[in-house]
Amino acid sequence: MATKHERTAPPLTSAQSGWLLASGIVATLPLASQVPPWLAALAAGAFLWRAWLLSRGLPLPPRWLLILVTLGSVAAVLIHTRTLFGQAAGVALLVVFMALKQLEARANRDGLAIVLLGYFLTLAQFFANQSIPVAATMLGTVLIITATLASLVDPAGRPRELVKLAGTLLMQAAPLMLILFLLFPRVEGPLWGLPRDAYSGLTGLSDSMAPGTIQNLAQSDAIAFRVKFAGAAPPKRDMYWRGPVLSRLDGRIFRAGEVRRLDESPYRARQASLAYHYTLTLEAHNRPWLFALELPETLPPDAFRTHDFQLQAKRPVRERLRYTLVSHPLVDFGAEDPAVLAAALTLPAGLNPRTVELGASWAAAGLAPAERVARGLDFLRDQRLTYTLRPPLTDEHVADTFLFETKRGFCEHFAAAFVVLMRAAGVPARVVTGYQGGERNPVDDTWVIRQADAHAWAEVWFDGRGWQRIDPTATAAPARIEEDLATALPAGDPLPFFARSGFDWLRAVRYRWWAINNAWNQWVLGFDPQRQRDLLLRLGMSTPDWRSMTAWLAGLSGVALIMLALVLLKRRPHPDKAQRAWLTVCRRLAKRGLTRRPWEGPLDYAERVARELPAAADDIRAIAQAYCALRYGPTSHEGLAALRRRVNAFRP
Amino acid sequence: MLSGLRLALRERFIAWALRAHPPEAQPVMLGQRRVYVLPTRAGLLYAISLIVLLIGAINYNLSLGYALVFLLAGVGVVTILHTFRNLAGIALGVAEAAPVFVGCDACFPLLLHNPDARARRRLRLFLPGQAAVAIDLPPQESTRALLPLPARRRGWLTMPRVTIDTVWPLGLVRCWAYAWPAARCLVYPRPARAVPKPPSFAAMQEGRLASEAGDEDFAGLKRHRPGDPLHHVAWKIAARLGPEASLQTKQFSGTASPALMFDWAQLPGSLDVETRLSILARWVLDAEEAGLSYGLRLPGREISQTQGPVHLHACLKALALYGDEA
């Protein structure tokens, strides 16, 4: 019900404008790195301009100027993002409006617009990052913006009071937030097609490998996935997390072959007892493949197995995905499709002549395939190759240059060169990419596998034994497999910061932080419809469908609200004993039509009663005096007893 | 048409909401059942924004987005309780308003009492169609607020229904209550501007002033009271005693001042009732101002000659209620 008094609102005070400016800045600042630099500069300029005007008490700039700047900025956003829809353009436009609205905020409803824009910008931060620090920042931002909203109602409110008020409101809202978070029926997004830019910025392995691909990935400390083993974990050197298989060699680039679904498992566990049970939480990487230890016997939901034993999801992984697998390290294979084997022998014509010649010589010598593989590994070892994150650039003869000239390379050089060598020797071979190793966090016993653990190795086919994993990198840098990247790299190689071996206490802190982060990811960010269902089942809800969830939601929120209302609406503490006796007197007199007026003190009231009821004059005067003595003087038990006796006897 | 219907519905609602028939017994307690809550326009915009934010969180699968939306929704709900608490439990009374003349604002002194141990912030009080008066109520204290209402007609002006509302703390919801404590304000007729002096008034005033020049009529001093003519103040004595001393009024022996009688019947018969009352009001005021003794004769009523604020009020009251008294 808006009355006309609301419509004719007074102009904003300078204190309110200050609050609005603070809200604009705290809501926009976290987005500074996400928007184009010119926009960040524009916003900073607008905020500074407003701050300057405010400090000098100068009037706001003319409206036509702001309209021009706004139109110009929107046009610039349009040119920059080529659309006005989608996430990047939306965030950019919100920043434009927030910055320019500051220079146009005159009345209360402009202030409301800024507050609501602030909440939208707060949400926009989450597109890029939803970590614990971002959540903490969000709380601070919401606190400031809510205090700003309160300042719009109470222009005279002191900053500390407004912040305290906003903090109280947020704290009292927290239980409701928790209930809603747990019980609000989760919907599997997205509701509509997401714009193309939704998953830009996700890193991970790709479906091709050129020299430098994995080496670049190894610089990133981003987490690829986390693994929690139920039972024993395999030794670190056997932790090969198998990902994309690259069997096609186009010039210097290995690419994934065509993917065929395999409905039936082509391998059997040799020893059923030797199995690893684990739950893997995969970060979104916008690609379909799933990672697993070799070789999983079961499939995650909505996933399938390819003919080259990859696990693939039916859709690209765009949210953190959790699945539980059982892998068998020892398996028996059946036969392999001849076409697959033929593809695993193909070499591009005219490339790497020296490597091809060397491999062909072993085939010509009539060595058995296993001997050819052993000869190849020996050759790599003899070449005294160096494992480095900074390999020199190579020309199109990648294997030749690496093996015979520069002799410095990263795992992808080793794997690529070895596969070329084996194919030339007539042994079907292919490159497998994925991750190797990981770091165990002793705090929550979870293995963290980062992009820096990205690795490439080879697989060769032996008739009767199937595909065998060969890791040529181990010939030069066994520490890479046994230990970690930091140990394997030669001294002087630049290391990603996280990989440096720090002090023990630092590592302990780091482990703890990882564990908290993992819990955060599992329980807050990864709280999807499935996890919600699991939790509610565990809490004893028999059928967690949306109907019962809604019922629970309504019930629990109701209870929370009633409890809050009881706390908030509780009257002041019960009257003390003297007061209760006095109120009894007042009640009796009120029945006689002598209601005490709110501004009447006990003595004045007594005088009025004495005038109206002369018969009771002495009694009421004595009672009022006794009451005043008890209430405003020192307490005494005898006095209280006397007052009570008098009150009980008082029947006007 | 539509606004007429809305107005009628509004009045029906208020009549139902007040339950007790006006005027209500004082003090009026704004109990929990008398306080109404609805979202403001800002509150509706806030709710719409939350829905848009929620859709965004669902679409982009932002867990923290859900958390933010739920937190803000919680704030919205908690605000309802706070706004409600800010209003409920206040006791409201009103004292009689000081008389005013037609054309001035009657000021109804409302007395608000806050029995709780916490302050009530940003309360607004208003009479229908009037601007709001904003007040804060400190804990366990009473505060007086003056509600102005233009006095358009002479006679008793009954205080209309009072609306008391608040949007504190966040402006998202408005809580309001109606109260209709009994209070009225006497409205004197508007004194006529340029009017002929009453018969013999001018002459007497001159004679009066002449006699004042001598000091044989001076009868002594008494403590000055508001309403005593200013030109009777003993300024010389006041100057001697300094600003702390109370003012003294010179008393003159009344025998020398001839009494005036303002007679309704003396006025020309062509004048209508209101004009007559206006002219009589002007004469009464002028005579009181001049420190003269005066009386008033109305059809069926006579007030004998004397002077002073009580007498002035009696005369003006008689004029104000002329024709009303049953």
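The values are calculated or read from the model by the stated rules, or taken from the named source; none is laboratory data. Quick caveat: nothing in here was measured; it's all calculated off a predicted structure. As a convention, Cβ positions derive from the backbone with ideal geometry for all residues, glycine included, and neighbour counts pool all protein chains shown. Quick note on the areas: whole protein, heavy atoms, side chains included, nothing else; ligands and nucleic acids left out. Shrake-Rupley method; radii C 1.70, N 1.55, O 1.52, S 1.80 Å.
Here r is the Cβ-Cβ distance between A:R533 and A:D250 and R0 is 45 Å; the resulting FRET efficiency, rounded to 0.05, is 0.50. Length available on full extension from A:V567 to A:I79: 0.36 nm per residue minus the Cα-Cα distance, which gives 170.2 nm. Taking 0.36 nm per residue of sequence separation and removing the Cα-Cα distance, the A:R106/A:A128 pair yields an extension gain of 4.6 nm. When every Cα-Cα distance of the protein assembly as shown is counted in 10 angstrom steps from zero, the calculated P(r) takes the values 2, 8, 12, 13, 13, 12, 10, 8, 6, 5, 4, 3, 2, 1, 0, 0 percent.
Within the shell defined by Cβ-Cβ distances under 11 Å, the residues around B:T166 carry a net charge of +3, with Lys and Arg each +1 and Asp and Glu each -1.
To the nearest 0.05, what FRET efficiency results for B:R240 and B:S304 with a Förster distance of 35 Å applied to their C-beta separation? Efficiency, from the Cβ-Cβ distance: 0.40. Helix A:411-424 and the longest principal axis of the C-alpha atoms of chain A enclose an angle of approximately 30°. Within the stretch B:61-87, which residues have the backbone N less than 11 Å from the label spot 7 Å out from B:A119 along Cα→beta-carbon, could you tell me? Flagged as within label range: none.
Helix A:108-124 and the long axis of chain A differ in direction by around 30°, with both axes built from C-alpha atoms.
For the stretch A:70-89, the residues whose backbone nitrogen is under 14 Å from a point 7 Å from the Cα of A:W38, taken along Cα to Cβ, are A:70-83. Label sites at A:H637 and A:D576, each approximated as a point 7 angstrom past Cα along Cα to Cβ, lie 1.6 nm apart. Compared with the alpha-carbon gap, the fully stretched path from B:R223 to B:R144 is longer by 25.5 nm at 0.36 nm per residue.
The charge dipole of the stretch B:101-193, taken about the Cα centre with unit charges on the Cβ atoms of Lys, Arg (+1) and Asp, Glu (-1), comes to about 400 debye, rounded to the nearest 20.
Surface analysis of the protein assembly as shown yields an accessible area of 48 Å² per residue, using protein heavy atoms and a 1.4 Å probe. I'd like the distance separating the alpha-carbon centroids of the stretch A:94-161 and the stretch B:292-310, in whole Å. The two parts, judged by their Cα centres, are 68 Å apart.
Might you report the magnitude of the Cβ-based charge dipole of the protein assembly as shown about its Cα centre, with Lys and Arg at +1 and Asp and Glu at -1, to the nearest 20 debye? Taking the Cα centre of the protein assembly as shown as origin, the dipole is about 3300 debye. Extending 7 Å from Cα along the Cβ direction at A:A51 and again at B:A194 yields two label points whose distance is 6.5 nm.
Legend: mean number of C-beta atoms from other chains within 10 angstrom of residue C-beta atoms, peptide B:38-45, equals 4. If I fit a long axis through the Cα atoms of helix A:602-612 and take the longest principal axis of the Cα atoms of chain A, what angle between them do I get, 0 to 90°, rounded to 10? Helix A:602-612 and the main axis of chain A meet at about 40 degrees. Listed by chain and number, the lysines whose alpha-carbon sits under 19 Å from that of B:K236, ignoring those within fewer than 8 places in the same chain, are B:K222, B:K250. Placing unit charges on the Cβ atoms of the charged side chains and taking the dipole of the protein assembly as shown about its Cα centre, the candidate lying farthest along the positive direction among A:L103, A:S327, B:C107 is B:C107.
Note: relative contact order over the stretch B:121-197, using C-alpha pairs below 8 Å and six or more positions apart, is 30 percent.
Once B binds A, the 1.4 Å probe can no longer reach about 5800 Å² of accessible area, counting both sides.
The A:R63 and A:R644 beta-carbon pair, evaluated with R₀ = 56 Å, returns a calculated FRET efficiency of approximately 0.15. Towards the positive end of the charge dipole of the protein assembly as shown, with charges on Cβ (+1 Lys, Arg; -1 Asp, Glu), say which of B:G308, A:T70, A:V647 has the farthest Cα. Among B:G308, A:T70, A:V647, the one farthest towards the positive end of the dipole of the protein assembly as shown is B:G308. Overall, the stretch A:263-403 carries a charge dipole of about 480 debye about its Cα centre when +1 sits on the Cβ of Lys and Arg and -1 on the Cβ of Asp and Glu, all other atoms neutral. Here the simple spin-label model places points 7 Å from the Cα toward Cβ, and for A:Q468 and A:I516 these points are separated by 4.9 nm. Distance from the Cα centroid of the stretch A:372-400 to that of the stretch B:92-118 is 97 Å (rounded to whole angstrom).
On the stretch A:1-154, 71 percent of the accessible area sits on carbon and sulfur atoms, based on a 1.4 Å probe. With the cut-off at under 15 Å, measuring from each backbone N in the stretch A:410-448 to a point 7 Å along the Cα-to-Cβ line of A:L341 picks out A:423, A:426-430.
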